[in-house]
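In what follows, a single structure is set out as structure tokens and then discussed.
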Amino acid sequence: MVRLINKDNLKQVTNIAYAIMKTQELFTYITEFNNPGITPCIYAMWHENQFCVHGLPNRSNVNILISNSLDGQIISEVCERWGFQTCRGSSNRKGSVSGTLKMISKLKNGENIAIMVDGPRGPLHEVKSGAVVLAREANVPIVPVHWYSPDFTFIRFPSWDRMSTPLGPCRLLNIYGDPIYTEGKTDEQVAAEVKQSLLHLAEIAPEKFKEAKKLRLWKKKRK
């Protein structure tokens, strides 16, 4: 079977992907709620909300872990054009260790990391150990992030992770949980806290969106 994406069309596919995302950015209005403003930190989100990195502050100081695959090359180049930094790694032991070491170095250098804690293949909404290990090794907090919009232009794909994305004009709210620290806790306890926080953010998101709407935060950001 011929791959739709290969080395011959990699540049063209990357340019198309970036053009689509850059165009959508013109119609994507994100505001924040309860961002603790801690640096360095690990922003933790579900895989379904991976595009909420669009609303993270100071993109040039945010690193995203991306696989060494061909598809990962496209994602990496798009993210870098979009203003983020990237760390390349893979699911095999050598690639995983390499990616982990790069991210620890970034955190100790005062930079932030964004991680999809149940990715890249699930199970859905089960926190894996990666973010916890990084937080413990670099001695930084984990900051849960969730995004939400009731607009009909906020859609979900029929994928395992139910990935969400705006498609057309869309108001979104990035909601942040309280920082989670690893000191004095087991890895299992930290993972449970992250999961509980992310689920709680999803519960309160509709009400917080209503509050942001009353305050007309999106109109203020467009000025």
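Structural remarks
- Subset tally (residues that are open to solvent by 30 Å² or more (accessible area, probe 1.4 Å) and either farther than 15 Å from residue 47 by Cβ or touching a residue at least 24 places away in the same chain (Cβ under 8 Å) (or both)) for the range 111-126: 6
- Once the range 164-223 is narrowed to residues that are of a type in the set (Ser, Thr, Tyr) and touching a residue at least 24 places away in the same chain (Cβ under 8 Å), the residue that is nearest to residue 54 (Cα to Cα) is 165.
- Qualifying residue in the range 18-29 (condition: open to solvent by less than 40 Å² (accessible area, probe 1.4 Å) and either of a type in the set (A, V, I, L, M) or free of Cβ contacts under 8 Å to residues at least 24 places away in the same chain (or both)): no
- Flag: residue 85 does not match the condition of being modelled with pLDDT of 90 or more, under 23 Å from residue 162 (Cβ atoms), open to solvent by 20 Å² or more (accessible area, probe 1.4 Å) and among the polar types (S, T, N, Q).
- Of the residues screened, residue 145 is one that is part of a strand (DSSP E or B) and either surrounded by 16 or more Cβ atoms within 10 Å (Cβ to Cβ) or on the phi > 0 side of the Ramachandran plot (or both).
- Of all the numbered requirements in (1) without any contact (Cβ under 8 Å) to a residue 24 or more places away in the chain; (2) part of a helix (DSSP H, G or I); (3) open to solvent by 10 Å² or more (accessible area, probe 1.4 Å), residue 76 misses one, and that requirement is (3).
- Output for the range 169-191, where each listed residue is within 19 Å of the chain's Cα centre (by Cα) and assigned to a helix (DSSP H, G or I): 190, 191
- Condition broken by residue 151, with the remaining ones in (1) open to solvent by 10 Å² or more (accessible area, probe 1.4 Å); (2) closer than 25 Å to residue 103 by Cβ; (3) in contact with a Lys or Arg (Cβ under 7 Å, 6 or more places away or on another chain) satisfied: (2)
- Neighbours by Cβ (under 7 Å, 6+ apart or cross-chain): first from the range 135-152, free of Cβ contacts under 8 Å to residues at least 40 places away in the same chain; second aliphatic (A, V, I, L, M) and open to solvent by less than 30 Å² (accessible area, probe 1.4 Å): 137/104
The values are calculated or read from the model by the stated rules, or taken from the named source; none is laboratory data. The model shown is predicted, which means the values in this text are computed figures rather than measured ones. Here Cβ is always computed from backbone atoms with ideal geometry, including for glycine, and neighbour counts include all displayed protein chains. The protein model used for the area step is the full one, side chains on, heavy atoms only, and it has no ligands, DNA or RNA in it. Shrake-Rupley method; radii C 1.70, N 1.55, O 1.52, S 1.80 Å.
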